[in-house]
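The values are calculated or read from the model by the stated rules, or taken from the named source; none is laboratory data. Keep in mind the model is a prediction, meaning the values are calculated, not measured. Here the Cβ positions follow ideal geometry from the backbone for every residue, glycine too, while neighbour counts run over all protein chains shown.
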Amino acid sequence: MKNKTAFRIYFESGTKIKGLSFWKNLWDNNFAPELIKRAKEAGLEQAIFFNVTSGYLKNQFDIIEVKNINLLQCVEITDAKDKIDLFLLENKVF
């Protein structure tokens, strides 16, 4: 069995992609779908978007049961460590 590495990228809800043209920035600027698209183009084995809808935050008064912009979103990439390292290096400005 080959060794696999899972790498999670956490980001704020509503994170936008930088450096897009005006029209792409207006209509197609969501971070998670673009990251997954680039992972697929790079030939990585798996990329999963965890859309967080409930949870709690440290030092907050209550448990959040509706979508809250303060909760972090997550994309998990799975493949060999060297392939993930190369992908991250190629997309670090992204």
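For residues that are farther than 20 Å from PHE87 by Cα and hydroxyl-bearing (Ser, Thr, Tyr), scanning just the stretch 1-28, find the one that is nearest to the chain's Cα centre (by Cα).
Across the stretch 1-28, the extreme among qualifying residues is SER13.
Can you tell me which of (1) touching a strand residue (DSSP E or B) at 6+ places or on another chain (Cβ under 9 Å); (2) within 16 Å of LEU88 (Cα to Cα); (3) exposed (fewer than 13 other Cβ atoms within 10 Å of the Cβ) is the one ILE17 doesn't meet?
It fails just one condition, (3).
Any residue in the stretch 3-21 that is within 16 Å of LEU72 (Cα to Cα) sitting within a Cβ distance under 6 Å of a residue that is in a strand (DSSP E or B) and modelled with pLDDT of 90 or more? List the pairs, counting only those 6 or more apart or interchain.
PHE7/ILE77; ARG8/CYS74; ARG8/GLU76; ILE9/VAL75; TYR10/CYS74
So, in the stretch 25-50, exactly how many residues are among the polar types (S, T, N, Q), surrounded by 14 or more Cβ atoms within 10 Å (Cβ to Cβ) and at pLDDT 90 or above?
The qualifying residues number 0.
Just to be sure before I move on: is SER13 of a type in the set (Ser, Thr, Tyr) and touching an Asp or Glu at 6+ places or on another chain (Cβ under 7 Å) in the structure I sent?
Details: of a type in the set (Ser, Thr, Tyr): yes; touching an Asp or Glu at 6+ places or on another chain (Cβ under 7 Å): no.
When the stated conditions are applied, SER13 does not pass them.
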